[in-house]
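The values are calculated or read from the model by the stated rules, or taken from the named source; none is laboratory data. These figures come from a predicted structure and were not determined experimentally. Note: ideal-geometry Cβ built from the backbone for every residue, glycine included; neighbour counts use all protein chains shown. Ligands, DNA and RNA are excluded from the accessible area calculation, which covers all protein heavy atoms including side chains. Shrake-Rupley method; radii C 1.70, N 1.55, O 1.52, S 1.80 Å.
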Amino acid sequence: MTSEEGTALIRAMFEAFCDLDRPVEEIAAFFAPGYVQRVDGREFGREGFLDHLRALRTTLRRLDIGIEQIVCDGASAASVHVAHALKRTGEAVRVKVIAFYKLEHGQISLVDELTRLVHGDASDRDLAFVQHA
């Protein structure tokens, strides 16, 4: 994968991720079968990540992600991005994310993230790894 293809993959994934009406199964195609997600010291696999997507869809009314920085060498990438969310309760949330990605065979195989709640209630800190109970 070229650096341009890797960057395009990540941008397309974010576009799909933010479309809260898109079926989770379509978004799953961006992620390798052995996908691993690490967020603020927590780790889960592909199914846990898909459950996270489902939980976000029940919690959020809108989600936009603005990429501030992105670099890619084709096999790995890093980004600094900000998630702007509107919860179904009407509350706004903003989270800054520093992320590292591993890319394999046209899919994302690993994301390792550190997040910082910029705006929102202290309980919104959990949005980065929320899952269904």
Computed ³J(HN,Hα) along segment 23-37: with the Karplus parameters 6.51/-1.76/1.60, θ = phi - 60°, integer Hz and x for glycine or proline, the list is x, 4, 4, 5, 5, 4, 5, 6, 10, 5, x, x, 3, 10, 10
Of the accessible area of segment 26-133, computed with a 1.4 Å probe and all protein chains kept, carbon and sulfur make up a percent value of 51
Averaged per residue, the 1.4 Å probe accessible area of the chain, protein heavy atoms only, in Å², is roughly 52
Rounded to 0.05, the calculated FRET efficiency for the beta carbons of ASP112 and THR89 at R₀ = 30 Å is 0.50
Simple SL model, points at 7 angstrom along Cα→Cβ for GLN69 and GLU25; separation in nm is 4.0
Options [x] 36, 36, 27; [y] 41, 27, 27; [z] 41, 28, 24 for Cα extents along the principal axes in Å; the value derived from the coordinates is listed as [y]
A chain fully extended from SER76 to LYS102 at 0.36 nm per residue, minus the present Cα-Cα distance, gains in nm 8.9 nm
